[in-house]
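Rule-based calculations on the coordinates, nothing more; no lab input. Quick caveat, the model's predicted, so the values are computed rather than measured. In this analysis, Cβ positions are derived from the backbone assuming ideal geometry, glycine residues included, and neighbour counts consider all displayed protein chains.
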Amino acid sequence: MYALIYDEHQLDRPQKRVISIHESREEAELALEQRQEELGRRVWECHTRIVWVEKDIDAGEFVGPGEYDTWRPGEPIPEGELYSDSD
């Protein structure tokens, strides 16, 4: 399942709180857009991202390293996401 997680990208806080769960990436993207509108912020200011989680979880629980990934196994990755923006 897909989840929105709260992620400030702080290495000393590896556990990420699950904001919401979704059956598809499209549903998760809509939820992320709604969150942006509710907070009045851009996506990078929301500290929220979409991840794929293999285990059953609920909103409010936490996931840690190795329990989630950016893309579901076998999911096509958009061309723009394949390469880093930095050197």
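At a threshold of 8 angstrom on Cα-Cα distance, excluding pairs fewer than six apart, so keeping six or more, what relative contact order does the chain reach in percent?
34 percent
Ranking D56, D69 by Cβ neighbours within 10 Å, fewest first, what do you get?
Lowest to highest Cβ neighbour count: D56, D69.
For the chain, what does the helix formula give at 222 nm: sum of -39500 (n - 2.57) over DSSP H segments with n ≥ 4, over the residue count, nearest 500 deg cm²/dmol?
-5500 deg cm²/dmol
Treat the chain as a sphere of radius equal to its Kirkwood radius over Cα pairs and apply Stokes-Einstein at 37 °C in a medium of 0.692 mPa s; give the translational diffusion coefficient in µm²/s, rounded to a whole number.
240 µm²/s
Can you give the longest run of the chain that contains no trypsin sites (Lys or Arg not before Pro) sitting in a DSSP loop with at most 14 other Cβ atoms inside 10 Å?
It runs 1-40.
Find, among the chymotrypsin sites (Phe, Trp or Tyr not before Pro) in the chain, those assigned to loop by DSSP (not H, G, I, E, B) with at most 12 other beta-carbon atoms within 10 angstrom.
Y83
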